[in-house]
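Please read the structure below before turning to the comments.
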Amino acid sequence: MPKVILIDTSRCTACRGCQIACKEWNELPANKTYQVGWGSHQNPKDLNVNNYKVVRFSERLDNGVVRWNFFPDQCRHCDIAPCKEIGDGYIEEAIVQDEKTGAILYTPKTKGFSKEQFEEIREACPYNVPRRDEKTGMLAKCDMCNDRIHAGMPPACVKTCPTGAMQFGEREDMLALGKARLAALRKDWPDAMLADPESVNVVYLLIDKPENYYKYSVAQANIGPMTKQQFLATLARPFKAMKA
Ligand code: SF4
Ligand code: SF4
Ligand code: SF4
């Protein structure tokens, strides 16, 4: 059974400990970050090849009260991953799924994707996650800390979270935990919801409407649920490209 990371945004204080733990575990270098002209405490501004995780800040006025929603963004490790479906059409096993953990992994073979193929892969991702290292050509994103999981440890971001906003475990257990927490939160937060729990292995519990978070917080909020026809059309694209 796949593993699941459950992220309860009601408990997130945006301390960014998870963001730093991810960089440390993956030995990723620092980015030069800017606040001037961007007007947000979020840093860096977006996911990139040196940041597989970014805590996103959404700020708004609600009847004169400032509300902040925090969203620790990362790859969702989709059950049927559109990035992998597209990638498989170009290079076999460049993007793979670990059978035991369910993690979607980008291998060094991803260096073989052209820029245009990468754009297709990125476009296919309902959460705008894949990034490409312009120097090496390799694609980059969160790997669920697959090495740690196989060594019996939780992902680094989960381990470091001081508020318990992130939990990790068996899919069944995490979904049960998420549903129980959702029921409790709904008393105070009627718009609370689990984001795409049936199709992903990194499940977010939102306490506000998806549109009050980052644009790609929920697939349906952004692009609408992918119909079977749309999904088959996505699969057909690389096939058409290969035949051309
Ligand atoms: Fe939020 Fe936990 Fe990450 Fe801090 S470590 S930003 S509380 S999820
Ligand atoms: Fe791929 Fe995007 Fe799904 Fe991650 S969230 S597995 S990058 S499609
Ligand atoms: Fe980073 Fe590991 Fe967390 Fe993914 S699971 S965001 S690689 S620390």
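The values are calculated or read from the model by the stated rules, or taken from the named source; none is laboratory data. The structure presented is a predicted model; accordingly, all values stated were derived computationally and were not measured. Cβ atoms come from the backbone with ideal geometry, glycine included; neighbour counts cover every protein chain shown. Just the protein is used for accessible areas: all its heavy atoms, side chains included, with ligands, DNA and RNA removed. Shrake-Rupley method; radii C 1.70, N 1.55, O 1.52, S 1.80 Å.
Determine whether Met153 is touching a strand residue (DSSP E or B) at 6+ places or on another chain (Cβ under 7 Å) and either closer than 22 Å to Val4 by Cα or near ligand 2 (Cβ under 10 Å from one of its atoms) (or both). Give the derivation first.
Details: touching a strand residue (DSSP E or B) at 6+ places or on another chain (Cβ under 7 Å): no; either closer than 22 Å to Val4 by Cα or near ligand 2 (Cβ under 10 Å from one of its atoms) (or both): yes.
Here the answer is no, as Met153 does not meet what is asked.
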Just checking, how many residues over the range 33-51 are part of a loop (DSSP other than H, G, I, E, B), under 16 Å from Cys75 (Cα atoms) and without any contact (Cβ under 8 Å) to a residue 40 or more places away in the chain?
-> 2
Gly87 being touching a Pro at 6+ places or on another chain (Cβ under 8 Å), at pLDDT 95 or above and not in a strand (DSSP E or B) = no
Out of the residues in the range 1-41 that are modelled with pLDDT under 95 and among the β-branched types (Val, Ile, Thr), state the one that is most open to solvent (accessible area, probe 1.4 Å).
-> Val36
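For Val96, state whether it is at pLDDT below 95 and of a type outside the set (Asp, Glu). Before you say what the answer is, go through the steps one by one.
Values: at pLDDT below 95: no; of a type outside the set (Asp, Glu): yes.
Here the answer is no, as Val96 does not meet what is asked.
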Hey, Ile95 under 21 Å from Val4 (Cβ atoms), away from ligand 3 (no atom under 15 Å from the Cβ), surrounded by 24 or more Cβ atoms within 10 Å (Cβ to Cβ) and not basic (Lys, Arg) or not | yes
Confirm whether Met193 is open to solvent by less than 20 Å² (accessible area, probe 1.4 Å), under 24 Å from Ile80 (Cα atoms) and of a type in the set (A, V, I, L, M).
-> no
Going through the range 108-124 one residue at a time, which ones are under 20 Å from the mean Cα position of the chain (by Cα), open to solvent by less than 20 Å² (accessible area, probe 1.4 Å) and of a type outside the set (A, V, I, L, M)?
-> Thr110, Phe118
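Residues are listed down the side, and each one gets a yes or a no for (1) closer than 17 Å to Leu47 by Cβ; (2) without any contact (Cβ under 8 Å) to a residue 24 or more places away in the chain:
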{"site": "Val65", "(1), (2)": "no, yes"}
{"site": "Phe70", "(1), (2)": "yes, no"}
{"site": "Lys84", "(1), (2)": "no, yes"}
{"site": "Pro108", "(1), (2)": "no, no"}
Please identify the pairs in which a residue from the range 138-155 that is open to solvent by 50 Å² or more (accessible area, probe 1.4 Å) has its Cβ atom under 7 Å from the Cβ atom of a residue that is in a helix (DSSP H, G or I) and more than 9 Å from ligand 3 (Cβ to nearest atom), counting only partners at least 6 apart or on another chain.
-> Met138/Pro108; Met138/Thr110; Met138/Lys111
